[in-house]
1. Angle between the Cα long axis of helix 51-62 and the longest principal axis of the chain, 0 to 90 degrees, nearest 10?
2. Using the Cα centre as the reference, give the magnitude of the dipole from point charges on the C-beta atoms of the chain (Lys, Arg: +1; Asp, Glu: -1; all else neutral), rounded to the nearest 20 debye.
3. By count of other Cβ within 10 Å, fewest leading, how are ASP50, ASP33, ASP63 ordered?
4. What ranking do LYS51, LYS125, LYS8 get, fewest neighbouring Cβ atoms within 10 angstrom at the top?
5. Keeping to pairs on different chains or 8 or more places apart, tell me how many lysine pairs in the chain have Cα atoms under 21 Å apart.
6. What's the local net charge at HIS126, with K and R +1, D and E -1, over the other residues with C-beta under 14 Å away?
7. In what order do MET115, MET1 fall by count of nearby beta-carbon atoms within 10 Å, going from fewest to most?
Amino acid sequence: MPSTEDNKAAVTAFLEIFSAGDVEKTLAALSDDVTWWVSGKLDGMSGSYDKAGFGALIGGVADVYVEPLRVTPLSMVAEGDKVAVEADSYAELKDGRVYDPRCHFLFQVAPDGRMAVVHEYLDTKHAYDTFFAS
């Protein structure tokens with residue numbers, strides 16, 4: 001079984017892959033039966049996603065960024081196969097706006113090092129204002 005340090009390293013590697021903006025590599029780092037859940041009640045963003053649904057979500061927003069959304073971990077706490085991460089996110093949008101929430105993730109890491117479950121907690125007001133407000 002992977003150690004908590006192994007799981008933290010797997011999450012760090014995943015966030016680097018995610019931040020590079022390559023949807024296919026990001027999806028490859030997720031288990032086949034992954035569940036990615038996003039907090040809040042924003043239609044088109046919040047809720048639970050399977051692997052294909054999450055791919056569609058991140059592929060759809062990638063076109064609005066100047067460069068990929070960068071997620072920078074600030075701290076991590078691990079216990080067993082779970083890793084809690086506080087992070088800063090940052091992306092400039094092509095229309096000049098900036099998406100830069102502080103967020104929290106809870107990852108469950110599969111024994112093979114891929115992400116099995118992800119809970120993403122974010123500033124839904126900032127997300128709404130950035131992506132949905134006219």
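Readers should treat all values here as calculations from the given coordinates under stated rules, not as data from a laboratory. Worth saying up front: this structure is predicted, and the values here are computed from it rather than measured. Every residue, glycine among them, receives a Cβ derived from its backbone with ideal geometry; neighbour counts consider all protein chains shown.
1. Around 40 degrees separate the two axes.
2. Details: 11 positive and 22 negative charges, 43 e Å.
Here the size comes out at about 200 debye.
3. On the way: ASP50 13, ASP33 10, ASP63 7.
Fewest-to-most ranking of ASP50, ASP33, ASP63: ASP63, ASP33, ASP50.
4. Numbers: LYS51 16, LYS125 12, LYS8 19.
Lowest count first: LYS125, LYS51, LYS8.
5. Values: LYS8/LYS25; LYS8/LYS82; LYS25/LYS51; LYS41/LYS51; LYS41/LYS125; LYS51/LYS82; LYS94/LYS125.
Lysine pair count for the chain: 7.
6. Once all neighbours under 14 Å are counted, the net charge is -2.
7. Details: MET115 23, MET1 7.
Lowest to highest Cβ neighbour count: MET1, MET115.
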